[in-house]
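Novice: Questions regarding the structure given below will be posed in turn.
Read the figures in this text as sums done on the coordinates, not as results from a lab. Source: prediction; values computed, not measured. Here the Cβ positions follow ideal geometry from the backbone for every residue, glycine too, while neighbour counts run over all protein chains shown.
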Amino acid sequence: MSAPSYPRVASLKTAGAFRSHLESCGASIPFDETIDAPQVSPLAQPFALDGVRVGNRFCILPMEGWDGTADGQPSDLTRRRWQRFGTSGAKLIWGGEAVAVQHDGRANPNQLVLTAATQPAIAGLRDALVAAHRERFGANADADLFVGLQLTHSGRYARPNVTSAAEPRAAYAHPALDRRFPAGVPLLSDDDLDRLVERFVETASLAADAGFAFVDVKHCHGYLGHELLSARSRPGRYGGPFENRTRFLRTVVEGIRARVPSMGIAVRVSVFDTVPFRKTDEGVGGPERAANGYDAAFGLLDHASEDLDAALADARELLALAERLGVHWICATAGSPYYNPHVQRPAMFPPSDGYLPPEDPLVGVARQLRATAHLKRAFPRLAIVGSAYSYLQEWLPHVAQHHVRHGLTDFVGLGRMVLSYPELPADLLAGRPLQRKQICRTFSDCTTGPRLGLVSGCYPLDDFYKAHPDAERLRELKTEP
């Protein structure tokens, strides 16, 4: 599989070259040509809401780990990752990790699970992050650090026991995705979902006792919470009209408020989606079915029309509900890594089970940035975190600064970039030049490795993972036919 013919971002070395390429590929991404000094940078300004003060505008996004133990405990590799989150300089830690609320909700057999038995070790992750932050930035540096935990059930994409064996539990019979599960897709009953609500509430209580300031009730990327939002064809109390499709979120929020009134609540949500994509004979992603008549998406974007305003109607309705519920912290993302990864996390190089991007990845970045800006304008009283910044590479600070300065987002979310270059926020906010050799180039080994049953990490750029035994195994697996 050869790389697509799009120019690499690293080759766009001047503002003029970057702007010219954006215009040529149709990616509307405003940016600042120069980076402000740290003392006047919009990215260094604190943010305050709901009695919480966050020290700057960088956010570490939650990522699914593949290096926990069989019983859901963190490993030394997990602790190393969280310590690096602490030294990053970012002041908002949006979950740090996607943590399953019960065993059958794990997306892989090494994902963390928060239970009474694993709570002390998961609390230790937070402690390690805070200690690393204090050691790097000063004894009182955590006073404006806001650390949460993302709670999830993987639903259709659960693989709790064996990497190679899917054990889906879906919200409804999907007209396209069900075909990808030859063994069938069991559906969760209303009673199952009622019990799962209680499990989310119980897990939020455990997170509070572990010292986390908030929990993210995950509603993105094709996992259960997200799938329920599009369950228009599902009968019963959790499907059909908007009121039913958001019942799970509402009852989880109400339950947490009743059980742990002091616990903050946030939601990371895929604010638009597309029809599922598949690899074509040419290796490029192509839509599996026409959007016309397709109703199995929350915020369906028709690539032909690119009517983002229409696609965000569902998200606007959801954020209005969140505001009424008093949920004021929202992280905007899009799509799913399982059926439209070029929408969810734009990249030049696909993972082993992916496809070549059907568009310049900067087009996908621009789409997510526009969606975030649209929602921020529509909901100025909400704290909004934007995603999809990593592919911008050297231009990330320029775009981030512009978007925060002009109120197009409140926070700049960093995911993959933190695996290779956790110190990016610290370097930028100290006025130091970026470490170009550590900048994520979206090689996707951080996804390919775990999909092949290996631990999660940046094999190309992180010296620690370059020397890890799984690095050689990854090279072997990537060369196999």
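Novice: How far apart, in nanometres, would the label points at Thr479 and Asp302 be if each is projected 7 angstrom from Cα along the Cα-to-Cβ direction?
Specialist: Roughly 4.8 nm, to one decimal.
Novice: Taking H placed 1.01 Å from N in the peptide plane, check which residues at least 5 places from Leu300 or on another chain put their amide H under 5 Å from its amide H.
Specialist: Asp273
Novice: Right, something else. Under 1.5 on a/c is rounded, so check that first for segment 348-481, then, if it is not, pick prolate when a/b is larger than b/c and oblate when it is not; a ≥ b ≥ c are the square roots of the alpha carbon gyration tensor eigenvalues.
Specialist: Values: a/c = 2.55, a/b = 1.66, b/c = 1.53.
Prolate shape, in that a/c is at least 1.5 and a/b is the bigger ratio.
Novice: Let's test this: bin the Cα-Cα distances of segment 29-103 at 10 Å from zero up to the farthest pair and state each bin's percent.
Specialist: 15, 36, 28, 16, 4
Novice: Please compute the volume of the convex hull spanned by the alpha-carbon atoms of segment 187-330 and report it per residue in Å³.
Specialist: On the way: hull volume 18.9 nm³, N = 144.
Considering the Cα atoms of segment 187-330, their hull volume per residue is 131 Å³.
Novice: For the chain, what is the mean residue ellipticity at 222 nm derived from helices alone (per DSSP H run of n ≥ 4: -39500 (n - 2.57); sum divided by total residues; nearest 500 deg cm²/dmol)? Walk me through the intermediate numbers first.
Specialist: Working: 17 runs with 167 residues, N = 481.
Mean residue ellipticity, 222 nm, calculated: -10000 deg cm²/dmol.
Novice: Skipping prolines and chain starts, which residues have an amide H placed within reach, meaning under 5 Å, of the one on Leu414, given they are 5 or more residues away or on another chain?
Specialist: Result for Leu414 returns Cys59, Ile60, Leu61.
Novice: Restricting everything to alpha-carbon atoms, can you work out Rg to Rh for segment 21-180 with a Kirkwood hydrodynamic radius?
Specialist: Looking at segment 21-180, the ratio lands at 1.07.
Novice: Could you work out the local net charge near Pro276, counting Lys and Arg as +1, Asp and Glu as -1, over the other residues with Cβ closer than 9 Å to its Cβ?
Specialist: Details: positive: Arg180, Arg278, Arg289; negative: Glu288.
So the surrounding residues net to +2.
Novice: Which three lengths, in whole Å and largest first, does segment 320-369 cover when its Cα atoms are put on their principal axes?
Specialist: Sorted largest first, the three principal extents are 41, 21, 12 Å.
Novice: Another one. Given the chain, what count of lysine pairs have C-alpha atoms under 28 Å apart, with each pair 8 or more places apart or on different chains?
Specialist: 11
Novice: Let me ask something additional. What does the charge count near Ala48 come to, summing +1 for each Lys or Arg and -1 for each Asp or Glu among other residues with Cβ under 14 Å from its Cβ? Show your work: numbers first, answer last.
Specialist: Values: positive: Arg53, Arg57, Lys91, Arg381; negative: Asp50, Asp144, Asp410.
With Lys, Arg at +1 and Asp, Glu at -1, the neighbours total +1.
Novice: Related question: In segment 1-110, which GluC sites (Glu not before Pro) fall in coil by DSSP and have 13 or fewer other Cβ atoms within 10 Å?
Specialist: Details: sites: Glu23, Glu33, Glu64, Glu97; in loops: Glu33, Glu64.
Of the GluC sites (Glu not before Pro), the ones in loops of segment 1-110 whose Cβ has at most 13 other Cβ atoms within 10 Å are Glu33.
Novice: Find the eigenvalues of the gyration tensor of the Cα atoms of segment 299-393, then list the square roots of 5 times those eigenvalues as equivalent ellipsoid semi-axes, largest first, in whole angstrom. Walk me through the numbers before you get to the answer.
Specialist: Details: eigenvalues 130, 38, 28 Å².
Those come to 26, 14, 12 Å.
Novice: At q = 0.16, 0.22, 0.27, 0.34 Å⁻¹, what is the base-10 log of I(q)/I(0) for segment 6-49 according to the Debye formula with one equal point scatterer per Cα and no solvent? Please give it to two decimals.
Specialist: -0.59, -0.80, -0.96, -1.24
Novice: For segment 233-283, what D do you get in µm² per second when you plug the Kirkwood radius from alpha-carbon pairs into Stokes-Einstein at 25 °C and 0.890 mPa s? Mind dumping the intermediate values first?
Specialist: Numbers: Rh = 14.1 Å.
The Stokes-Einstein estimate is 173 µm²/s.
Novice: OK, next. Tally Lys and Arg at +1 and Asp and Glu at -1 over the other residues with C-beta under 12 Å from the C-beta of Val412: what net charge comes out?
Specialist: Working: positive: Arg57, Lys91, Arg405; negative: Asp410.
Taking every other residue near Val412 into account, the sum is +2.
Novice: Whole Å is fine, so just give me how far the alpha carbon centre of segment 319-357 lies from that of segment 157-214.
Specialist: Their Cα centres are 18 Å away from one another.
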